[in-house]
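Trainee: Quick one: the structure is below, and I'll ask about it shortly.
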Amino acid sequence: MITPQLLQPSSIAIVGASNDTSKPGGKVLFNILKHGYAGKVYGVNPREQQVQGVPCYPTCDDLPDVDLAIIAIAAHQVEAALSSLAYHKNCKAFILFSAGFSEAGETGKALEQRCVQILEEVGATLIGPNCIGVITGNYKGVFAGPVPAYDPMGCDCVSASGATMVYLLESAIPRGLKFRDIFSVGNSAQIGVEDVLQYWDETYDPAYSSSIKLLYMEQIADPARFLKHARSLVNKGCRIAAIKAGNTEAGSRAVSSHTGALAGSDAAVSALFRKAGIIRCYSRIELVYVAAIFTIKPLKGNRIAVITHAGGPGVMLTDILVKGGMEVPPIEGPKAGELLAKLHPGSSVSNPIDFLATGNAQQLGEILDYVDNEFDDIDGAVVVFGTTGMWRVDDVYQVLHEKIKTCRKPIFPILPSAIQAAEEVSHFHTMGHVNFTDEVSFGYVLSRVNKLQQPYPDAPLPIVDVPRIREVIGNNTTGYLPPEDVNTLLQAAGIATAAQATIKSEAEAIVAAKELGFPLVMKVVGPVHKSDVGGVVIGIQNEQEVAANYKRLMAIVGAEAVLLQQQRSGIEIYMGAKAEPPFGKLVLCGLGGIFVEVFKDISAALSPVHSEEAARMIRRLRAYPIIQGARGKPGVSEELLVQTILKLSALLEAAPEISEMDINPLLGSPQALVAVDARIFIDR
């Protein structure tokens with residue numbers, strides 16, 4: 001819980017206060033005083049009676065009661081200071097800068113836990129340890145800079161890394177981005193990203209709260225709570241961008257299925273973000289660019305006018321926009337001719353609109369008016385305008401300011417002359433605007449932002465035969481299920497399967513073959529990867545082939561039985577599932593057979609999967625044109641694919657013991673989708 005004293009303290013004590021602003025205890029005091037904190041401020045330092053003009057006490061026991069304590073002392077001194085302040089000074093909020101806690105090993109972790117216990121006994125909030133502090137409208141409680149000017153409608157930000165927060169601000173402030181509340185949560189001993197997200201959600205008021213939230217995290221401890229509050233914020237009108245770092249695993253982990261090799265916690269993070277309506281970023285610059293785009297009115301389509309006075313940047317921007325799925329449509333017709341007549345000879349309005357290095361502010365204004373009022377097949381404009389240093393561009397940026405404010409369609413300013421037009425860009429920021437400096441980075445980010453979907457609601461899943469599912473699970477122990485039980489589970493979930501029989505003698509094989517009918521497929525039961533050991537035979541046409549192949553398959557090392565199936569035809573589809581703690585179950589789909597291993601073209605979603613979420617899983621695949629049907633060949637019914645994903649999700653909800661599942665392949669056509677091979681591993 002975030003207490004009011006953390007956000008609006010009437011008094012602050014700096015434990016470890018110093019006159020030396022190169023020390024955390026000196027710099028945070030300097031920032032608090034410099035930025036006009038109106039409450040009472042005290043220092044704690046046994047060697048000083050006054051620090052930077054405020055009264056200083058030798059110990060925490062000597063202080064008057066305080067609302068907030070900022071701790072900047074060695075880790076081994078912290079526990080005693082917290083005890084004094086929490087039990088005797090009515091302190092309900094703490095920011096702990098000190099390092100040497102859980103990040104330093106088991107001893108530090110135990111110390112951190114004792115500190116948290118002290119504060120929870122009195123209902124206090126702890127930010128940190130190992131953080132740089134907090135910024136609110138009330139005070140600037142940070143020791144590392146830069147310290148941004150407080151904007152009540154600027155971006156809210158929370159970061160698990162103090163250094164990342166500092167470098168993020170270094171990148172964002174020169175681009176005109178404004179900030180509101182900032183939380184550096186460090187080790188998140190008590191308050192983590194989820195807690196800050198919950199606070200933002202529960203206190204959100206569109207008239208007074210920021211609508212842009214930026215997150216940097218290295219772990220997601222409570223994905224369900226994260227999803228609940230992130231989705232709620234987005235549904236209230238917020239836009240959220242986040243970095244989740246720590247995406248690679250040190251070393252390798254043995255996996256026994258395609259799903260295990262294809263899916264991991266990073267895929268689960270991306271799936272969680274998609275479900276919540278969050279755009280995932282992978283660098284500080286990307287996060288800054290996304291945040292800056294969020295400050296501009298949203299596009300209502302994907303058709304962009306590229307406006308520039310320099311040909312090269314316009315070409316590069318056009319390339320990256322088109323590559324990202326945006327359109328830069330040709331501008332033609334009488335109105336295009338009218339506009340061209342207003343520009344210098346040699347200009348082009350075909351899109352990109354290039355009005356040459358000699359283009360001026362008046363011409364830019366004309367271009368933007370035509371884009372806004374005359375070109376109906378354009379949804380927004382990107383203006384690239386810098387200077388060689390030969391002349392100032394104040395008038396151009398003034399026109400940009402006026403048009404951004406008055407045009408119906410969004411205008412995105414790329415102002416690359418950070419040095420030669422530094423004064424003009426700075427003035428542009430004071431008028432309330434952001435800017436971008438690199439057209440390719442901008443184009444990549446805009447394309448991603450424009451694809452962002454609203455959060456998926458809770459999913460109504462198909463009805464499955466839960467008693468039958470539970471019976472199968474109850475009759476098995478940890479490990480791979482036998483083929484007949486796999487088949488039963490799929491059927492109980494309503495997933496179509498090929499007629500089959502598991503046999504353990506040549507005589508049984510002949511009988512089963514007659515009942516199933518030719519042609520048949522024969523598969524060895526036992527080895528995990530059947531194809532790798534020659535354990536799959538297709539096109540069995542008669543009893544003699546059944547007998548011969550039964551003997552060969554049973555001679556394979558690890559063979560326990562042979563599975564006979566009716567041979568089906570169609571496009572091979574892969575679906576799978578994998579437990580990914582603490583996120584839940586990850587559902588995957590892609591092309592099947594060996595393609596899933598070779599191309600790794602898969603889509604993922606967290607169960608339970610919504611129908612629209614399932615549809616987008618399919619459409620994200622690079623192989624989607626094959627599913628649609630290519631070169632006159634029939635594809636696979638998207639409706640059947642969606643329904644099968646939902647049935648798979650329902651099976652996972654009914655049988656949480658399933659930790660890995662491969663259905664590879666299902667054979668699909670416009671009329672049917674049938675599972676012909678599957679493995680299920682349960683963990684009890």
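Trainee: Give the residues of the stretch 224-261 that are over 25 Å from P455 (Cβ atoms), at pLDDT 50 or above and touching a Gly at 6+ places or on another chain (Cβ under 8 Å), sorted by residue number. First the steps, then the outcome.
Mentor: Narrowing the stretch 224-261 to residues over 25 Å from P455 (Cβ atoms): 248-261.
Keeping just the survivors that are at pLDDT 50 or above gives 248-249.
Across the stretch 224-261, the qualifying residue is only E249.
Trainee: Among A81, A72, A93, A86, which is under 20 Å from V142 (Cβ atoms), over 37 Å from the mean Cα position of the chain (by Cα) and surrounded by 22 or more Cβ atoms within 10 Å (Cβ to Cβ)?
Mentor: Numbers: A72 fails: over 37 Å from the mean Cα position of the chain (by Cα); A93 fails: over 37 Å from the mean Cα position of the chain (by Cα); A86 fails: under 20 Å from V142 (Cβ atoms).
One residue alone meets the criteria, A81.
Trainee: Shifting gears a bit: Of the numbered conditions (1) among the aliphatic types (A, V, I, L, M); (2) at pLDDT 95 or above; (3) part of a loop (DSSP other than H, G, I, E, B); (4) under 22 Å from the mean Cα position of the chain (by Cα), L343 fails exactly one; give the number of that condition.
Mentor: For L343, the failing item is (4).
Trainee: Are any residues in the stretch 299-321 closer than 17 Å to G346 by Cβ and assigned to a helix (DSSP H, G or I), and if so, which ones?
Mentor: As a first pass, look at the stretch 299-321 and keep what is closer than 17 Å to G346 by Cβ: 307-312, 314-315.
Across the stretch 299-321, the qualifying residues are G311, G312, G314, V315.
Trainee: Which residues, taken from the stretch 517-548, are of a type outside the set (D, E, K, R) and either surrounded by 19 or more Cβ atoms within 10 Å (Cβ to Cβ) or in a strand (DSSP E or B) (or both)? Reasoning before the result, please.
Mentor: Of the stretch 517-548, the ones of a type outside the set (D, E, K, R) are 517-522, 524-529, 531, 533-542, 544, 546-548.
Residues satisfying the conditions are L520, V521, M522, V524, V525, G535, V536, V537, I538, G539, I540, V546.
Trainee: Moving on. Could you give me the residue pairs with C-beta distances under 8 Å whose first residue belongs to the stretch 166-183 and is within 14 Å of G432 (Cα to Cα), whose second residue is surrounded by fewer than 23 Cβ atoms within 10 Å (Cβ to Cβ) and aromatic (F, W, Y) wherever it lies, and which are 6+ apart or on separate chains?
Mentor: Hits for this filter: F179/Y150.
Residue-by-condition table, conditions (1) touching a helix residue (DSSP H, G or I) at 6+ places or on another chain (Cβ under 8 Å); (2) assigned to a loop (DSSP other than H, G, I, E, B); (3) in contact (Cβ under 8 Å) with a residue 24 or more places away in the chain:
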residue	(1), (2), (3)
S447	yes, no, yes
A459	yes, yes, yes
P467	no, no, no
N476	yes, yes, yes
E484	no, no, no
T488	yes, no, no
G494	yes, yes, yes
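Trainee: Right, next: Answer with yes or no whether G346 is under 25 Å from T430 (Cβ atoms), among the small types (G, A, S), assigned by TED's automatic domain parsing to the domain that holds P334 and free of Cβ contacts under 8 Å to residues at least 40 places away in the same chain.
Mentor: On the way: under 25 Å from T430 (Cβ atoms): no; among the small types (G, A, S): yes; assigned by TED's automatic domain parsing to the domain that holds P334: yes; free of Cβ contacts under 8 Å to residues at least 40 places away in the same chain: yes.
Criteria not met by G346.
Trainee: Regarding Y574, is this residue in a strand (DSSP E or B) and either under 30 Å from R619 (Cβ atoms) or over 44 Å from the mean Cα position of the chain (by Cα) (or both)?
Mentor: On the way: in a strand (DSSP E or B): yes; either under 30 Å from R619 (Cβ atoms) or over 44 Å from the mean Cα position of the chain (by Cα) (or both): yes.
Spelling it out, Y574 is indeed in a strand (DSSP E or B) and either under 30 Å from R619 (Cβ atoms) or over 44 Å from the mean Cα position of the chain (by Cα) (or both).
Trainee: I would also like to ask the following. Show the residue pairs meeting these rules: Cβ distance below 6 Å; 6+ apart or different chains; first residue within the stretch 630-641 and crowded, with 17+ Cβ neighbours inside 10 Å; second residue among the basic types (K, R).
Mentor: none
Trainee: Hey, any hits in the stretch 553-565 for a residue that's assigned to a helix (DSSP H, G or I), surrounded by fewer than 20 Cβ atoms within 10 Å (Cβ to Cβ) and not assigned by TED's automatic domain parsing to the domain that holds I645?
Mentor: Taking every residue of the stretch 553-565 in turn, at least one turns out to be assigned to a helix (DSSP H, G or I), surrounded by fewer than 20 Cβ atoms within 10 Å (Cβ to Cβ) and not assigned by TED's automatic domain parsing to the domain that holds I645.
The values are calculated or read from the model by the stated rules, or taken from the named source; none is laboratory data. Note that the structure is a prediction, hence the values are computed from the model and not measured. With ideal geometry, Cβ positions are generated from the backbone for all residues, glycine too; neighbour counts draw on all protein chains shown.
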